[in-house]
Amino acid sequence: MTNRKILLLFIFLISFIGAQGQTSKPTFDTAYVESHPEQINLRLYLSRKFTNFVLRVPDENHKYVYQPNSGLNLGVGITHQRFTLNLAVPVGFLNPNRYEDWPRFLDLQSHVYPRRMIIDFFGQFYRGYSIRNNFLKNSTENYLREDMRLNSVGVNFHYMFRGERISLAAAFNQSAVQKKPAFSPFLGFEVYGGSMKGDSLLLPSTENLDILNFNRSNYFQFGPNAGAAATLVFGKGFYVTALGSVNLSVGFAEWENRIEYRKWGSVPTYYARVFLGYNDQKFSINANAVYKNLNLIKVESFDQAVNTGNIRFNIIYKLGAGPRFEKSFRKINPMRLLKKD
């Protein structure tokens, strides 16, 4: 499947599941959550997305971290009638250390928060990685691998048992206002698959780790998870929201190092999120961080992980929409078009 087809499938799934989560009118407990889907939220933000590949050395407190040639993105966005669109690009003056003329990459992350549900999609297609010299034992230069390719696709789904009292949309895209502290446990599942590949062995020969070196790796994992979400509200509009979950993944991993290794097994992983800032009916300023740890099944001496994150700082201004704009936008809103009614 080409990247273009994967992208189209990814966008369809985001829109469809997000819309299905909103097919009924929201029934938040109004003592806890004040929802404003009729408002227009205009957003200016900075963000940094990344997907790191980590290789741990057995019996040593040392690891090699492959980092993509990503950077700080400057973006704008809008939220209205439960539809959110964000567009961001890396700006040169914010990224003086990015390598120029490296291959382009695509990092798709969507975090959808309907009432009672948490839905995450990941689609990373990175080209070009490096290991910083502080992770290397025998070199003072960064190790550059412009030829390295990493593809990773995954989905998380959670059901919140007390979702009528806690709004993650209020913390994430500010389409609601959390009025009182709340807590909810949740259960769900996740599925991930991906691959890493280079034109030659990926670890630098100066590190003398032939037993760990490889030129290709594939994985597929799935399993149940459980966690909890909590939000604190204090002052007039200030909030802190945190979520954490642990997962037991079952699946396989395989590596190629002259000989191909493959193994089925299980491994624990985790997911953490933090949102904090100020949010009222007219204005919001906030920061949030999303971090997914995906440990891979150990095969022989191979102990690796794919870690994905997104760090954002947002400034949001909220305004009312006129009747004419409301009516026109409702006709083209993807969330409405995908509803059964």
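The values are calculated or read from the model by the stated rules, or taken from the named source; none is laboratory data. What you are looking at is a predicted structure, and each value in this text was computed from that prediction instead of being measured. Don't worry about glycine lacking a Cβ; one is built from the backbone with ideal geometry, like all the others, and counts go over all protein chains shown.
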Query raised in the report: Between a first residue in region 278-296 that is closer than 13 Å to residue 175 by Cα and a second residue that is acidic (Asp, Glu) and part of a strand (DSSP E or B), which pairs have beta carbons less than 9 Å apart while being 6 or more apart in sequence or on different chains?
Result: 281/34
Query raised in the report: Taking the condition over 18 Å from residue 271 (Cα atoms), touching a residue at least 24 places away in the same chain (Cβ under 8 Å) and either in a strand (DSSP E or B) or in contact with a Phe, Trp or Tyr (Cβ under 8 Å, 6 or more places away or on another chain) (or both), does residue 126 pass?
Result: yes
**Report entry** For residue 108: the one exception among (1) modelled with pLDDT of 90 or more; (2) among the hydrophobic types (A, V, I, L, M, F, W, C); (3) in contact with a helix residue (DSSP H, G or I) (Cβ under 9 Å, 6 or more places away or on another chain)
**Finding:** (1)
Requested in this report: Residues that are over 26 Å from the mean Cα position of the chain (by Cα) and over 25 Å from residue 166 (Cβ atoms): find the strands (runs of 3 or more DSSP E) completely inside region 242-341 holding 3 or more of those.
Outcome: 259-279
Report task. Determine if region 59-71 includes at least one residue that is of a type in the set (A, V, I, L, M, F, W, C) and closer than 16 Å to residue 290 by Cβ. Result -> no
Query - Number of positions in region 129-152 that are assigned to a strand (DSSP E or B) and among the polar types (S, T, N, Q) - result: 3
Query - Residue satisfying condition, being closer than 25 Å to residue 219 by Cβ, free of Cβ contacts under 8 Å to residues at least 60 places away in the same chain and either among the charged types (D, E, K, R) or in contact with a Pro (Cβ under 6 Å, 6 or more places away or on another chain) (or both), within set 141, 146 - result: 146
**Report entry** Single unsatisfied condition, residue 212 versus (1) more than 28 Å from residue 161 (Cβ to Cβ); (2) among the hydrophobic types (A, V, I, L, M, F, W, C); (3) under 22 Å from the mean Cα position of the chain (by Cα); (4) buried (at least 20 other Cβ atoms within 10 Å of the Cβ)
**Finding:** (3)
Query raised in the report: Of everything in region 76-101 that's assigned to a strand (DSSP E or B) and among the β-branched types (Val, Ile, Thr), which residue is surrounded by the most Cβ atoms within 10 Å (Cβ to Cβ)?
Result: 79
Query raised in the report: Could you say whether any residue in region 88-101 is touching a residue at least 60 places away in the same chain (Cβ under 8 Å) and closer than 30 Å to residue 326 by Cα?
Result: no
Report task. Inspect region 176-197 for any residue being within 28 Å of residue 139 (Cβ to Cβ) and over 19 Å from the mean Cα position of the chain (by Cα) and give the result as yes or no. Result -> yes
**Report entry** Subset tally (residues that are assigned to a strand (DSSP E or B) and hydrophobic (A, V, I, L, M, F, W, C)) for region 203-241
**Finding:** 11
Report task. Give the residue that is nearest to the chain's Cα centre (by Cα), with candidates limited to residues of region 148-168 that are polar (S, T, N, Q) and surrounded by fewer than 23 Cβ atoms within 10 Å (Cβ to Cβ). Result -> 156
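Conditions tested, residue by residue: (1) closer than 30 Å to residue 220 by Cα; (2) charged (D, E, K, R); (3) touching an Asp or Glu at 6+ places or on another chain (Cβ under 6 Å).
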| site | (1), (2), (3) |
| --- | --- |
| 252 | yes, no, no |
| 273 | yes, yes, no |
| 303 | yes, yes, no |
| 320 | no, no, no |
| 329 | no, no, no |
| 332 | no, no, no |
Query - region 224-264, subset among the small types (Gly, Ala, Ser), at pLDDT below 95 and over 30 Å from residue 201 (Cβ atoms), residue surrounded by the fewest Cβ atoms within 10 Å (Cβ to Cβ) - result: 235
Query raised in the report: Is there any pair linking a residue in region 244-268 that is free of Cβ contacts under 8 Å to residues at least 12 places away in the same chain to one that is part of a strand (DSSP E or B), with Cβ under 9 Å and at least six apart or on different chains, and which?
Result: 260/216; 260/254
